[in-house]
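Enquirer: I am attaching a structure below and will ask some questions about it afterwards.
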Amino acid sequence: MSVNTTSIKNYGIMDRQLNNKERWICFWALFFFGFMCSFSLFKASSVLPQIAQELSIAPGDIGMVMTCFSIAGLILAYPAAWIMHTIGLKSSVMIAAVISIIGTVMGCFAPTAEIFLVSRAVEGVAYGLFSVQGPNLLPRLFPQKKLGLVMGVWSLWMPVGSVCSFVITPLMYDAFGWRSAWYVCAAAEILATIGLFVFMKLSAVHENEIVDGDVTKKRKPTKNFFFAAIMMQVAFTGWCFVYLSNINGLYPTFLQEVKGLSVFDASMLPTVLALVTIAFGTFAGILSDKLQSRKTFAVITYVVVAIVMFTIAYTDDPSDMVSPWVTMLIIGLCGSVLPMATRSIVPVLCPDPKKTDYALATMAFTTCVAQVFGVVASQSVAALGWHGNSVFVLGPVALIAAAIVFFCVTSDKKAIAELKHAADADDANVQPVEEAK
């Protein structure tokens, strides 16, 4: 099979199919860069009060440090899918990697709040591009029967990055000041970019275009549940608002202000959350492959998130440290389920690769929508208090997400059954490649 590797669009594409080892090496190169994007996002969370003090950012505007990062991703989510199709997969990923380095280096030396926020926006451009590129690469790399496991592991890029940020940033702050975390991030982004250049490769024919790795058999057009896939992503906005904007974004500040913890100690609880997610994320992906119950998992998990927000997440008692620990454990378990279920159900609902691309681009878009509202979260806390924001905003948001999934999303089992029913008995989703051309 011949591939024009001199074309920028085909840069990184081999003239053959990758073997399993090559797929996973490529996966880990992508994962390392993804985790650096996550680290880049969360490295500010632990030291928001200190950044605000040095750069004279008002308490009600402190959420802008996170929002500026995400607003670029909000704008670029759908264009990112178009960019992938236009200039190619590896080329677009390498561009995102270079942009991430530029943004982080700007933050290292930003003298004013305005320049610092611009640097966060530049970092966010890379994050916005890659949050679309990464998950859309996976169905091209791996066969569908492995996507539960693959998406389960991939969904850990966010918690792994947050763990590193919540551990490294306080340590670097105590030793050298908050900007030192930016230096560490820039160095790691350079290493990640080198890894992508060397190890990112793609098969001559994408796995989501063929059947069971057989390049002589191409998938035929079939029914898609595109609306259901989109609504799954819309519901995910609720999780991202609770988890990214409020827990990862503001929980260390809550622990410092209400519970009286130090910068380092306040960062440890979100780290525990992420570690729980990491521990159970792969298991959740394997289980979803076996049970095909991603919709059910998501509905139950959103309800659990709502209950936690209504009750124990943000207690006002300074001496109550049990509730924060229990909150982190439960939300960590929820974090192992929701991102995995939201991503891995899309190729099931949308066998058409282009529809999968744009459904997963919607996931990136809604993720950034929630993060852009980080400034709203900080203003809501200022108006309602920590517990009031949890009870009157976060709990209802999680319940709305549960309702959207329950009423608007086709279950994966039903989608699989209907797709099989609509297919011919012998070669339902298969036609020879020569015929498909």
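Enquirer: Just checking my list (i) 21.1; (ii) 28.0; (iii) 19.5 against mean projected area of the Cα convex hull in nm² computed from this structure; which label fits?
Expert: (iii)
Enquirer: Another one. When a/c is below 1.5 the answer is rounded, else prolate if a/b is larger than b/c, else oblate, so apply that to the range 322-373 with a ≥ b ≥ c taken from the square roots of the Cα gyration tensor eigenvalues.
Expert: Oblate.
Enquirer: Another one. Please identify, among 408, 334, 240, the residue showing maximal mean-square fluctuation in a Gaussian network model of the chain using a 10 angstrom Cα cutoff.
Expert: Maximum among the listed residues: 408.
Enquirer: Which residue, 154, 182, 28, has the most motion in a Gaussian network model of the chain that connects Cα atoms within less than 10 Å?
Expert: Sorting by GNM fluctuation, first place goes to 28.
Enquirer: Further, regarding this structure: Using a 1.4 Å probe and ignoring any ligands, DNA or RNA, find the accessible area of residue 294 and quote it in Å² to the nearest 10.
Expert: Looks like 10 Å² after rounding.
Enquirer: For the range 247-318, just say rounded, prolate or oblate: build the C-alpha gyration tensor, square-root its eigenvalues into a ≥ b ≥ c, call rounded for a/c under 1.5, and beyond that prolate if a/b exceeds b/c, oblate if not.
Expert: Here the range 247-318 falls in the oblate category.
Enquirer: As a test of reading the structure, rank 412, 265 by solvent-accessible area (1.4 Å probe, protein chains only), most first.
Expert: Accessible-area ranking of 412, 265, largest first: 265, 412.
Enquirer: If you don't mind, another one. Please calculate how many Å² of accessible area the chain carries per residue, with a 1.4 Å probe and no DNA, RNA or ligand atoms counted.
Expert: 38 Å²
Enquirer: Could you look at the range 1-122 and say what percent of its accessible area is carbon and sulfur, using a 1.4 Å probe and all protein chains?
Expert: Answer for the range 1-122 is 70 percent, counting heavy atoms of protein chains only.
Enquirer: Still on this model: Taking all protein chains as present, what is the carbon and sulfur share of the accessible area of the range 128-171, in % to the nearest whole number, probe 1.4 Å?
Expert: It is 74 percent, rounded to a whole number.
Enquirer: Follow-up question, since we're still on this one. Of 174, 352, which has the most accessible area with a 1.4 Å probe, and how do the rest follow in descending order?
Expert: The most accessible residue leads, giving 174, 352.
Enquirer: Oh, and also: Equivalent ellipsoid semi-axes for the range 1-159, as square roots of 5 times the alpha carbon gyration tensor eigenvalues: give them largest first, rounded to whole Å.
Expert: After diagonalising the Cα gyration tensor, the semi-axes are 34, 17, 12 Å.
The values are calculated or read from the model by the stated rules, or taken from the named source; none is laboratory data. This one's a predicted model, so the numbers in the text were calculated from it and none came from an experiment. The accessibility values were calculated without ligands, DNA or RNA, using every heavy atom of the protein model including side chains. Shrake-Rupley method; radii C 1.70, N 1.55, O 1.52, S 1.80 Å.
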